[in-house]
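K.L.:
Pasting in a structure now, in structure tokens, and then I'll have a few things to ask.
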Amino acid sequence: ELDALCSIASFQDGYADITEPVFINKSLILEADNIVHPLIDNAVANSIWLNEKGALITGSNMSGKSTFLRTIGVNVVLAQSICTAFASRYKSAFFQVSTSISQSDNLLGGKSYFLAEAETLLRMLNRIRPDLPSICIIDEIFRGTNSIERIAAASQLLKHMSGLNALTIVATHDIELTDMVKGEYDVYYFDEDVGTEGLIFDYHLRKGIAPTRNAVKILDYLGYPKEIVENSKAIMNRRNTPHKAT
């Protein structure tokens, strides 16, 4: 026990920007100010306050969604295990932690990506207990299937989880989900800009819905044939233009 405590003290002594977490009983609360991931050099600090509502985080590729989910997850575990949070202030319930991040298919087991993900989410759902708050962290919910079924299933799963003893934090590309779970989840986003050197990310978490998408911008930046880029833009513009009544 003394060896373990010495290791924890040495670990804490190696970092200046840490805090001692404050825990509360049986409430779905997570308040984190200037929270960062301990393994990222010069990490951009973000703050999030959740009270009885989960969070839906949108944003384009590489904008910081998955890293932020990992930041929350690792800090919850460190706070609850060695009483250390990489934040200027940390207050939360004592959570049971469940995650679905970086799922993969299983060739030897004959499982598709979607089946592996669906099984993980079902296990997460079944672990939620009425007597113990859970925090459920999900990256790109149901991305292993088509967009129509993905949005339909994801919206209903998130609605169901909002009524359970769980604080659910989800990252998604599906902007449509923000309207479908409005009022049941707080909505945040990460943004990007296009500069002379390509895509520029500031990795700051903001309240609201992501105003931009960047998949086609990335293809253009990487040097894909102009025909692919321009035709993709044209298709997107047609889909985003409302049809006039005749």
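K.L.:
Output the peptides 120-133, 152-165, 62-75 sorted from most to least packed, where packing is the average of other Cβ atoms within 10 Å over each peptide's residues. Mind dumping the intermediate values first?
P.N.:
Working: 120-133: 14.1, 152-165: 16.7, 62-75: 21.5.
Those peptides, ordered most packed to least, come out 62-75, 152-165, 120-133.
K.L.:
Using the Cα centre of the chain as origin and beta-carbon charges of +1 (Lys, Arg) and -1 (Asp, Glu), tell me which of P130, I72, P21 is placed farthest towards the positive end of the dipole.
P.N.:
Towards the positive end, the residue furthest out is P130.
K.L.:
Let me ask you something else. Where does the chain land at 222 nm, in deg cm²/dmol rounded to the nearest 500, when only DSSP H runs of n ≥ 4 count, each adding -39500 (n - 2.57), divided by all residues?
P.N.:
Mean residue ellipticity at 222 nm (helix-derived): -11500 deg cm²/dmol.
K.L.:
I'm spelling it out carefully: the read-out is volume of the Cα convex hull per residue in Å³, the candidates are (i) 169; (ii) 184; (iii) 146, and one was derived from this structure. Which label?
P.N.:
Among (i) 169; (ii) 184; (iii) 146, the one derived from this structure is (ii).
K.L.:
What's the carbon and sulfur percent of the chain's accessible surface, probe 1.4 angstrom, rounded to a whole number?
P.N.:
54
K.L.:
On to the next question. Can you give me the accessible area per residue for the stretch 109-218, using a 1.4 Å probe, in Å²?
P.N.:
Ligands and nucleic acids excluded, the result is 49 Å² per residue.
K.L.:
How much net charge surrounds W49 when only other residues with a Cβ under 13 Å from its Cβ are counted (Lys, Arg +1; Asp, Glu -1)?
P.N.:
Every neighbour counted, the sum reads 0.
K.L.:
Evaluate the charge dipole of the stretch 1-110 about its Cα centre and quote only its size in Debye, nearest 20, assuming +1 on the Cβ of each Lys and Arg and -1 on the Cβ of each Asp and Glu.
P.N.:
440
K.L.:
Still on this model: Between the stretch 23-56 and the stretch 135-163, what is the separation of their alpha carbon centroids in Å?
P.N.:
Cα centroid of the stretch 23-56 versus Cα centroid of the stretch 135-163: 21 Å apart.
K.L.:
Using only the Cα atoms of the stretch 17-156, construct the convex hull and provide its projected area averaged over every direction, in square nanometres to one decimal. Before the final figure, lay out each step's value.
P.N.:
Numbers: hull surface 38.7 nm².
So the mean shadow area of the Cα hull is 9.7 nm².
K.L.:
Also, quick follow-up: Determine the relative contact order of the stretch 16-100: mean sequence separation of Cα pairs under 8 Å and six or more apart, normalised by residue count, in whole percent.
P.N.:
52
K.L.:
Over 20 Å between Cα atoms: which of K182/K217; K26/K91; K91/K182; K26/K182; K26/K65 fall into that group? Provide the component values of the computation, followed by the final result.
P.N.:
Values: K182/K217 29 Å; K26/K91 13 Å; K91/K182 25 Å; K26/K182 25 Å; K26/K65 27 Å.
Result: K182/K217; K91/K182; K26/K182; K26/K65 exceed 20 Å.
K.L.:
Given +1 on the Cβ of Lys and Arg, -1 on the Cβ of Asp and Glu, and no further charges, what dipole in debye does the chain carry about its Cα centre, rounded to the nearest 20?
P.N.:
920
The values are calculated or read from the model by the stated rules, or taken from the named source; none is laboratory data. Every value quoted in this text rests on a predicted model; they were computed, and no experiment measured them. Here the Cβ is made from the backbone with ideal geometry for all residues, glycine too, and neighbour counts use every protein chain on show. In case anyone asks, the SASA skips ligands and DNA or RNA and just uses the protein heavy atoms, side chains included. Shrake-Rupley method; radii C 1.70, N 1.55, O 1.52, S 1.80 Å.
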